[in-house]
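Structure record follows, encoded as structure tokens.
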Amino acid sequence: MASTSTTKKEIASELLPLIRVYKDGTVERLWGSPYVPPCPHDPQTNVSSKDINISHNPSISARLFLPQNQIYQKPQHLLPILVYFHGGGFCFESAFSSDHHRLLNRLVSQAQVLGVSVEYRLAPENPLPNCYQDCWDALQWVSSHRTHKELDADNTNKEPWLVNYGNFDKLYIGGDSAGGNIVHNVAMKAGVERLCGDVKILGAFMSHPYFLGSKPIGSEPRGEDFEKWLPCKVWKFLYPSAPGGINNPMVNPVGPGAPSLAGLGCPRMLVCVSSKDELRDRGVWYYELVKESGWRGEVEVFEVEGEEHAFHILVEAETVNVKIMIKRLASFLV
């Protein structure tokens, strides 16, 4: 009888409990919520969603969300636009995952906005800082619809929801955790580079944003424990070649060589934190840095007591605090 053997893949490296990288180049994601398809009509929120391609090379896509009552409204009422960057440590989660699909349904329904949830490329297959450029390119793509609209040009290659329902005078960006970090970097880039159609970012919000620095603050661990701290390990694992390491300006907004926060390219900002979140102190730190930077905009901080990191995304039930959080985010998108 012929013997059979199974070939066990060899592990090259791993970032536990998040991902495992094998020597054949494949990546196993150990965290994250499952894929869900878009829905023409979500019965709980009355929001329609669909998936679209933004770019084939590189591969960037998005899930769009639209309050269904807008489709039948005559005359059509133009909606604020929210371009959203999901969290997940730069290496897991998706615009198409159940957690973020649920979040966008709730937020779009509450705020009555047109949502564009960006599917950027994940590390480590696509090393940092690729995701930042992907999100900037997605924002440029959204903005490009304004020029097309004003020229009354052929809309064959344009997204009809943006053309028909989007108010480009009310463009917002938002994100959670690593996505909140992306929000900061995109807002900084918008301070020095123009968006298509001269569109301006009216406001930016970040929920439980991911920032770091070589000097621990607040309740962050000290010494060797800081090096072993998961937020610290994430950056070093996914961007080992980052100039300055965890003091790189992309993750430390006041690291060596970082541009002044006075250059943020939007007039309004909201930073959301939770009292039990291990990133809470960095969020408050960022808020204080912006407030003291000489930036001429208006920045607010909003804290929810008794909750942990990304609770409004990870908690499936619509609890009192989830409702409070969604309502606060929605009130920012006016």
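The values are calculated or read from the model by the stated rules, or taken from the named source; none is laboratory data. Not measured: the values here are computed from a predicted model. Virtual Cβ from ideal backbone geometry, glycine too; neighbours counted across all protein chains shown. Note: accessible area is taken over every heavy atom of the protein model, side chains too, but ligands, DNA and RNA are not part of it. Shrake-Rupley method; radii C 1.70, N 1.55, O 1.52, S 1.80 Å.
Measuring with a 1.4 Å probe in the full set of protein chains, what accessible area per residue, in whole Å², belongs to the range 29-111?
Ligands and nucleic acids excluded, the figure is 42 Å² per residue.
Show me the ranking of peptides 281-294, 20-33 by mean Cβ neighbours inside 10 Å, starting with the highest.
281-294, 20-33
Just flag the GluC sites (Glu not before Pro) in the range 293-334 sitting in loop per DSSP whose Cβ has no more than 16 other Cβ atoms within 10 Å.
For GluC sites (Glu not before Pro) across the range 293-334 that sit outside H, G, I, E and B with at most 16 neighbouring Cβ atoms in 10 Å, the list reads GLU305, GLU308, GLU316, GLU318.
Can you tell which of LEU16, LEU195, LEU270 shows the greatest fluctuation in a Gaussian network model of the chain with Cα springs below 10 Å?
Result: LEU16 has the largest fluctuation of those listed.
Provide the packing ranking of 210-220, 172-182, i.e. peptides ordered by the mean count of other C-beta atoms within 10 Å per residue, highest first.
172-182, 210-220
Determine the gain in length on full extension of the stretch GLU305-ASN46; use 0.36 nm per residue of separation and subtract their C-alpha separation, reporting nm with one decimal.
Full extension of this stretch gives 90.3 nm more.
Could you compute the FRET efficiency for VAL315 and GLN140, with r as their C-beta to C-beta distance and R0 at 35 Å, rounded to 0.05?
0.55
Given GLY294, VAL47, CYS196, which one lies farthest toward the positive end of the charge dipole of the chain, if we put +1 on the Cβ of every Lys and Arg and -1 on the Cβ of every Asp and Glu?
Sorting the options by dipole projection puts first CYS196.
With runs of 4+ DSSP H residues as the only contributors, calculate the mean residue ellipticity of the chain at 222 nm using -39,500 (n - 2.57) per run, divided by the residue total and rounded to the nearest 500.
So the helix-based figure for the chain works out to -9000 deg cm²/dmol.
Taking all protein chains in place and a 1.4 Å probe, what share, in percent, of the accessible surface of the range 194-334 do carbon and sulfur account for?
Of the solvent-accessible surface of the range 194-334, carbon and sulfur hold 53 percent.
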